[in-house]
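I have placed the structure first, in the form of structure tokens, so that the comments after it can refer back to it.
Nothing in this text is a laboratory measurement; each read-out follows from the coordinates by a stated rule. All values reported here derive from a predicted model rather than from experimental measurement. Positions of Cβ are backbone-derived with ideal geometry, glycine not excepted, and every protein chain shown enters the neighbour counts.
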């Protein structure tokens with residue numbers, strides 16, 4: 001249980017060396033520094049930068065979306081928090097326009113990365129949608145006095161946000177929240193709640209992980225829940241606002257992400273070193289932009305993580321019909337108003353194609369014309385919601401589906 005303390009101590013112990021590396025980098029990048037224009041000087045600066053980045057604690061980035069383009073014109077965008085809860089801020093990207101575009105709530109995952117990982121998703125949707133996003137708060141920053149946050153709370157938050165935004169909203173769930181979003185829409189339907197959204201888009205989510213096992217699903221299913229409790233759950237040190245709260249630390253989650261593609265990540269850092277030595281600033285900037293985001297992680301509440309592992313990846317409660325919310329059995333078959341779109345990526349090695357598709361069978365009460373499934377060829381998990389194929393091939397499908405059900 002002292003792993004978190006040791007991790008922070010290690011970071012603190014490396015601080016003087018990191019500062020020295022940063023100073024070296026700045027010195028050898030100074031145009032007035034003798035030796036800077038040479039390959040030797042660039043090699044020293046590149047080595048110092050890699051050391052500094054490998055020991056840095058990456059803070060949460062900003063969305064930084066100040067403008068969007070509508071009809072060929074630049075339109076100012078202002079970020080505002082329209083509803084704040086203990087573990088999440090509902091963030092709105094307000095456009096300076098009177099366009100009556102569909103209202104979209106992007107439900108971000110609580111799986112290590114900040115909601116800013118979906119910056120590209122938000123950016124691509126802004127020109128034609130009124131966009132909101134669930135900006136989950138790092139569990140280490142939430143005082144223990146605020147109480148717990150588990151999978152049922154996650155579902156309740158989604159319902160609260162849907163009610164706040166009104167029945168004309170369209171939900172887009174990226175990865176992990178596909179399950180709580182489908183559960184939340186089911187409960188709203190069962191309650192005959194007037195706030196039932198127009199549509200929901202489930203992108204690369206583990207509705208039924210048994211249909212297409214991956215390394216992630218096998219890890220979750222092959223070990224008992226006690227193993228996860230004893231191995232990856234740790235108490236926050238006293239010097240954090242969330243002191244003594246049990247969490248699944250972001251730095252452990254990041255190790256898991258990196259271990260899935262070790263060769264790729266090592267190769268990318270080798271290329272960064274080579275580009276810095278060559279003086280290829282554009283490629284180096286592109287690398288920094290991606291990894292500044294990728295290496296910025298947050299802690300997840302222990303209750304939420306353990307319930308997700310047990311109920312989604314071990315007991316398969318939703319496809320088995322045994323999923324409950326506050327003692328109410330969740331019945332996706334009750335959904336008759338909220339249209340369903342599923343999006344899967346051919347090369348997805350986290351939520352492989354076939355895991356999200358079962359949502360259509362579960363929503364048996366929904367008319368066929370209100371259902372659509374899209375399999376995107378040539379993209380992995382990240383490419384479902386970011387990058388060129390997301391913008392050029394997936395987004396048009398999502399956009400047209402939303403408008404068809406508006």
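Some notes on this structure:
- Judged by the mean number of other Cβ atoms found within 10 Å, the most tightly packed of the peptides 300-308, 236-244 leads the ranking 300-308, 236-244.
- Spin-label pair residue 66-residue 262: with each label point 7 Å from Cα along the Cα-Cβ axis, the two points sit 4.2 nm from one another.
- For the stretch 261-337: span of alpha carbons on each principal axis (Å, largest first): 61, 31, 21
- A viscosity of 1.567 mPa s and a temperature of 4 °C, combined with the Kirkwood radius over Cα pairs in Stokes-Einstein, give a translational diffusion coefficient for the stretch 67-175 of 88 µm²/s.
- Evaluated over the Cα positions of the chain, the convex hull gives a direction-averaged projected area, one quarter of its surface, of 21.1 nm².
- Taking the longest Cα principal axis of the chain as reference, the axis of helix 178-190 is set at about 30 degrees.
- Length-normalised contact order for the stretch 93-246 - Cα pairs under 8 Å, 6+ apart - percent: 26 percent
- Linear extension gain, residue 231 paired with residue 391, 0.36 nm per residue minus alpha-carbon span: 53.7 nm
- Computed on the stretch 204-271, the Cα convex hull volume stands at 155 Å³ per residue.
- Overall form of the stretch 234-383 per C-alpha gyration tensor (a/c, 1.5; a/b vs b/c): oblate
- Normalised per residue, the volume of the convex hull around the Cα set of the stretch 127-202 (Å³): 113 Å³
- Over the stretch 316-406, the pair-distance histogram of Cα-Cα distances with 10 Å bins from zero comes to 16, 39, 34, 11, 0 percent, rounded to whole numbers.
- Stokes-Einstein D in µm²/s, Kirkwood radius over Cα pairs - the stretch 1-146 at 10 °C with 1.306 mPa s viscosity: 84 µm²/s
- The chain: relative contact order in percent, alpha carbon pairs under 8 Å with at least 6 residues between: 19 percent
- Theoretical gain in end-to-end length, residue 364 to residue 27 [0.36 nm per residue, Cα-Cα removed]: 114.8 nm
- Modelled this way, with points 7 Å down the Cα-to-C-beta line, the labels at residue 269 and residue 146 are 3.2 nm from one another.
- Ranked by how many other beta carbons lie within 10 Å on average, peptides 102-109, 375-382, 67-74, 176-183 from highest: 176-183, 102-109, 375-382, 67-74
- Using C-alpha pairs below 8 Å separated by at least 6 residues, the relative contact order for the stretch 186-318 is 32 percent.
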